[in-house]
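Student: To start, I am sharing the structure in question, which I have written as structure tokens.
The values are calculated or read from the model by the stated rules, or taken from the named source; none is laboratory data. It should be emphasised that the depicted structure is a prediction, and the values quoted were computed from it without experimental measurement. In this analysis, Cβ positions are derived from the backbone assuming ideal geometry, glycine residues included, and neighbour counts consider all displayed protein chains. All accessible areas refer to the heavy atoms of the entire protein, side chains included, with ligands and DNA or RNA removed. Shrake-Rupley method; radii C 1.70, N 1.55, O 1.52, S 1.80 Å.
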Amino acid sequence: MASTQITPTRMELTKQKKKLQTASRGHKLLKDKRDELMRQFMIMVRENMELRKKVEAGIAAANTNFVIAKAGMSEQILHTALMVPKQEVYLESNKKNVMSVDIPQFTYKTRTSDSNDIYSYGFAYTSCDLDDAVKSLADILPDMLELAEKEKACQLMAAEIEKTRRRVNALEHVVIPEAQANIKYIKMKLDENERSTQIRLMKVKDMVLEDAHHYSEK
């Protein structure tokens, strides 16, 4: 439905045509963006599912080793062994832009490069099951950080897809139809005005002829 606020002039007609052209071009670009976001989102979801399975399996294995270690050691020795960590991990966060979405990227580094520093205890009074549990947790850390990246990326991509979808719908169902209706309305009004002007000119012509020649054209 055409807006009742517009003035049916040729300048307004040109303005509405430009608006329609811009909205149509923006609609196509946003649709392409939405489709590409959906494609990358589905890839991330599949990667996220596989990575989640891997991380959950690693955590389950580590928990099993901890349970076995706890069964073979006294609670006091276990707590003492894990009380003061020897290794430290420093996490850094950066961003990567994917289709105008800032995806987080996590990197980490350890205080020392010695892989044995993950063990904060001596091996004399602890079981090998505790070693296996600590080692499995250390091994799963990179995957856990990658999983955190994928989880957050999926959330951000889903939000961007929804925002883009709303914009596409607004252009497709509101802006473009409104501009088309306005153009149709203005053209109709301009045609009516042109016909009215022609009728008035014909009447003026008849009046001039009648005054000049005392003749009225039938």
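Student: With a probe of 1.4 Å, find how much accessible area the range 146-218 has per residue, and write the answer as a whole number in Å². Walk me through the numbers before you get to the answer.
Tutor: On the way: 5200 Å² over 73 residues.
Value for the range 146-218: 71 Å² per residue.
Student: Taking the Cα centre of the chain as the origin and placing charges on Cβ (Lys, Arg +1; Asp, Glu -1), which of Val204, Asn63, Ser24 is farthest toward the positive end of the dipole?
Tutor: Of the options given, the answer is Val204.
Student: Tell me, what is the FRET efficiency for Phe123 and Met144 to the nearest 0.05, using R0 = 25 angstrom and their Cβ-Cβ distance as r?
Tutor: Numbers: r = 26 Å, r/R0 = 1.04.
That gives a FRET efficiency of 0.45.
Student: Just order 187-198, 165-176 by mean Cβ neighbour count inside 10 Å, highest at the front, would you?
Tutor: Values: 187-198: 11.8, 165-176: 14.9.
Put in order of decreasing packing, that is 165-176, 187-198.
Student: Please work out the ratio of the alpha-carbon Rg of the range 113-218 to 2.2 N^0.38 Å and round it to two decimals. Display every interim value, and only then the final one.
Tutor: Values: Rg = 41.5 Å, N = 106, 2.2 N^0.38 = 12.9 Å.
The value comes to 3.20.
Student: Thinking of the range 13-104 as a set of Cα atoms, what percent of all their pairs are more than 17 Å apart? Walk me through the intermediate numbers first.
Tutor: On the way: 3163 of 4186 pairs.
Pairs farther apart than 17 Å: 76 percent.
Student: Now, a different point. Computed on alpha carbon atoms, what radius of gyration and Dmax characterise the range 60-113, expressed in Å?
Tutor: When restricted to the Cα atoms of the range 60-113, Rg and Dmax are 18.4, 54 Å.
Student: Still on this structure: Percent of accessible area on the chain owned by carbon and sulfur, 1.4 Å probe? Show your work: numbers first, answer last.
Tutor: On the way: 8530 of 15090 Å².
Of all accessible area on the chain, carbon and sulfur atoms account for 57 percent.
Student: If you take semi-axes √(5λ) of the Cα gyration tensor in Å from the coordinates, which of (i) 81, 14, 11; (ii) 24, 23, 15; (iii) 83, 14, 10 do you get?
Tutor: (i)
Student: Cβ under 12 Å from Gln105's Cβ, Gln105 left aside: what net charge do those residues give with Lys, Arg +1 and Asp, Glu -1?
Tutor: For residues surrounding Gln105, the net value is 0.
Student: Within the set Lys95/Lys150; Lys95/Lys135; Lys53/Lys135, which residue pairs have Cα atoms separated by over 22 Å?
Tutor: Beyond 22 Å: Lys95/Lys135.
Student: Per DSSP helix of 4 or more residues, -39500 (n - 2.57); summed, then divided by the residues of the chain. What does that give at 222 nm, rounded to the nearest 500?
Tutor: Values: 4 runs with 153 residues, N = 218.
For the chain, the value works out to -26000 deg cm²/dmol.
Student: Given a Förster distance of 35 Å, report the FRET efficiency between Arg25 and Arg195 from their Cβ-Cβ distance, rounded to the nearest 0.05. The partial results should precede the final answer.
Tutor: Working: r = 34 Å, r/R0 = 0.98.
Taking R0 as 35 Å, the efficiency between Arg25 and Arg195 is 0.55.
Student: Once you place label points 7 Å from the Cα toward the Cβ at Glu92 and Arg165, how far apart are they in nm?
Tutor: According to this spin-label approximation, the distance is 3.7 nm.
Student: Could you work out how much longer the chain between Lys53 and Gln105 gets when fully extended? Use 0.36 nm per residue separation minus the Cα distance between them, nm to one decimal. Each step should come with its number before you reach the end.
Tutor: Numbers: separation 52, 0.36 × 52 = 18.72 nm, distance 2.04 nm.
Going from the current span to full extension adds 16.7 nm.
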